[in-house]
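What follows is calculated from the coordinates using simple rules that are stated; it is not laboratory data. Keep in mind the model is a prediction, meaning the values are calculated, not measured. Cβ coordinates were reconstructed from backbone atoms using ideal geometry, including for glycine residues, and neighbour counts include every protein chain displayed.
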């Protein structure tokens, strides 16, 4: 069965974007507590985001309050301070780099609230929660505390596990772009062990997803990951689709549409690609979050996704 | 251009004058006339020029007061682009990322009038502050960055778009060169985004399209990235000077440069544009000396890390430039 899904992030609706700029300037403070007005604005924005995803099988909350790409969850952790701006992989986007200065502790999970709001507004689609993976989040950070990378990754994973346990969603997507972008093989055993813990802690079906990178470099490792689905970006490297086919991985979140460019994909070609995978367990999606596109183009990509429903 | 030691320069932008920012907003809403906006840009440009001249800078710029940002300004003036829409860069900061929907067409010089205005005024400014020999440069965004920061629908690849843009920007450079602009700078902040030899070779090809046969001194400004991937390729770029940030990364980039025989001139970032605290003259002198450890003083062009637009106000920008000007004045006497 082919399901259509939003990947994760979504362009902020105008009303929310304008409100956030007017109220908080360039960036809200790390310790900011949402006001009543913030909450009302988020409800209005989320309604629009849910409406935009109408017709998809699996929808997300659009990560509308995530100020930092993937690093948002760490902002409130004990032992972590948010540092200067760093480029987010090969994009013209930046995040505040978390600096680990002490023992990490996640005292207050932050992802549940927006997910609950999404469920309240959801007209009947399946819900997907998105969370950064421990390997990627650790590598996006600067570690001044833990003795070695394995220890740091485990500490980040423990904090993420607390988030995951609170997420009541049909699907939980763990974003690990680094697995394909720049995998350190010496660390994979540690990473895989932590991913097993996280997928076990999840209440819904799990997706461990890669993006931005070349699949050739990590396909053997991806075959070892115990998740319900493996996410693959078939856009950033043309060879990725072929590598996927040859790998024999069948349960796939297939990123066929480019969320980093406005050009529209050929529906017939995408249907062929889905068919050639010869699998009953495919989720088709964009290669990464739609927030890299302005809303009007994100809507066009969603229109294409709808055409792949049940392909 | 006469070669002197420790020629001081700037990257290009100044903090955008609040009156210009407001006027730009009103202009977009059709609430003021273009002439009113232009007048405010001219006034703000004069202030930028005066600040650079009195700070002791040798090669100055117009402060880019008329540019909304370094991408949109050019996208609005080249054929092939469609107006973009908001895309988030970080926090609550967005830019209107343009869409390339057709082959690129050069419709006419985009920065020439601004350069002519600034160059003419710089002569008055030099008289006012009793200086001479100050040169006016001009900057434009490079083809690699223009391509990387755009969506594209009509080109077969980013490479195709980059080279198409290079052909158009070569006409811009030629127009400036013909008018007598002595220093042309190509801004390529996106260059360190995508690692790999192929990317550097693409940039080399694109730069050569623009700079070949120019009489002007040429520079490439690159910032915020992994400079390890830039070398040794950048040493082969067809430009006289490579302009980089150093202060922001605590001069780690020098370790990269030391690995090679650095044959070009170096735009040497000695003040941090991300910090509002103004560096002391002593600190700037110390910073400059770090490059003189392995480069000749004729090769080193002290300047801020990047454009000054990120600083909170004009005065902070002026004080940072003044620290550079005074540091170089003292060093020229001491060396």
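Below is a table of values for the structure above.
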| read-out | value |
| --- | --- |
| Burial ordering of B:102, A:31, B:238, B:50, fewest other beta-carbon atoms within 10 Å first | A:31, B:102, B:238, B:50 |
| Distance histogram for the stretch B:191-291 (every C-alpha pair counted, 5 angstrom bins, percent rounded to whole numbers) | 2, 12, 22, 23, 18, 12, 7, 3, 0 |
| Efficiency of FRET between residue B:26 and residue B:105 - r from beta-carbon atoms, R0 25 angstrom, step 0.05 | 0.25 |
| Kirkwood estimate for the stretch A:164-248, i.e. one over the average of 1/r between Cα atoms, Å | 13.1 Å |
| Cα-Cα pairs of the stretch B:73-125 separated by more than 14 Å (percent) | 65 percent |
| All-pairs alpha carbon distance profile, chain B, 10 Å steps from 0, percent | 6, 26, 36, 25, 7, 0 |
| Förster-model FRET efficiency, 45 Å R0, residue B:153 and residue A:112, C-beta, rounded to 0.05 | 0.70 |
| Whole-number D in µm² s⁻¹ for the stretch A:161-200, Kirkwood Cα-pair radius fed into Stokes-Einstein, 4 °C, 1.567 mPa s | 113 µm²/s |
| Fraction of beta bridges assigned by DSSP in the protein assembly as shown that are antiparallel (%, nearest 5) | 20 percent |
| Cα-Cα separations in the stretch B:174-233 greater than 15 Å, expressed as whole percent | 52 percent |
| Translational D in µm²/s for the protein assembly as shown (Stokes-Einstein at 4 °C, 1.567 mPa s, Kirkwood Rh from C-alpha pairs) | 49 µm²/s |
| Proxy reagent accessibility, fewest Cβ within 10 Å first, across B:272, B:243 | B:272, B:243 |
| Share of alpha-carbon pairs per 10 Å distance bin for chain A, given as whole % | 6, 29, 38, 23, 5, 0 |
| Globularity index of the stretch B:142-258, i.e. its alpha-carbon radius of gyration over 2.2 N^0.38 Å | 1.06 |
| The stretch B:129-178, Cα convex hull volume normalised per residue, Å³ | 94 Å³ |
| Cα-only radius of gyration and Dmax that characterise the stretch B:219-276, units Å | 11.1, 35 |
| Cα point-scatterer Debye curve for the stretch A:59-154, base-10 log of I(q)/I(0) at q = 0.11, 0.14, 0.18, 0.23 Å⁻¹ | -0.37, -0.57, -0.86, -1.19 |
| Helix-derived mean residue ellipticity, 222 nm - over chain A, DSSP H n ≥ 4, -39500 (n - 2.57), to 500 | -12000 deg cm²/dmol |
| Contact order relative to length of the stretch A:75-155, as percent, for alpha carbon pairs under 8 angstrom and 6 or more apart | 31 percent |
| Relative contact order (percent, whole number), the stretch A:6-76, Cα cutoff 8 Å, 6+ residue spacing | 52 percent |
| Cα-based Kirkwood hydrodynamic radius, the stretch A:1-63, one decimal, Å | 13.0 Å |
| Inter-probe distance in nm under a simple model that places probes 7 Å from Cα toward Cβ, at residue B:277 and residue B:228 | 2.9 nm |
| All Cα pairs of the stretch B:226-335, percent lying beyond 24 Å | 23 percent |
| Whole-Å distance, taken between Cα centres, linking the stretch B:6-72 and the stretch A:151-229 | 48 Å |
| Cα gyration tensor of the stretch A:98-166 - equivalent ellipsoid semi-axes, whole Å, descending | 29, 11, 9 |
| Counting DSSP beta bridges with both ends in chain A, the antiparallel % (nearest 5) | 20 percent |
| Where Rh is the Kirkwood radius over Cα pairs, Rg/Rh for the stretch A:225-292 | 0.94 |
| Convex hull of the stretch B:5-93 built on C-alpha atoms - directionally averaged projected area, nm² | 8.1 nm² |
| Contact order relative to length of chain B, as percent, for alpha carbon pairs under 8 angstrom and 6 or more apart | 20 percent |
| Space enclosed by the convex hull of the alpha-carbon atoms of the stretch B:43-198, per residue, Å³ | 135 Å³ |
| Kirkwood Rh, Cα atoms: Rg over Rh of the stretch A:7-105 | 0.99 |
| Cα→Cβ-extended label distance, 7 Å offset, between residue B:332 and residue B:35, nm | 4.2 nm |
| Computed label-point distance, nm, for sites residue A:197 and residue A:54 using a 7 Å Cα→Cβ extension | 4.4 nm |
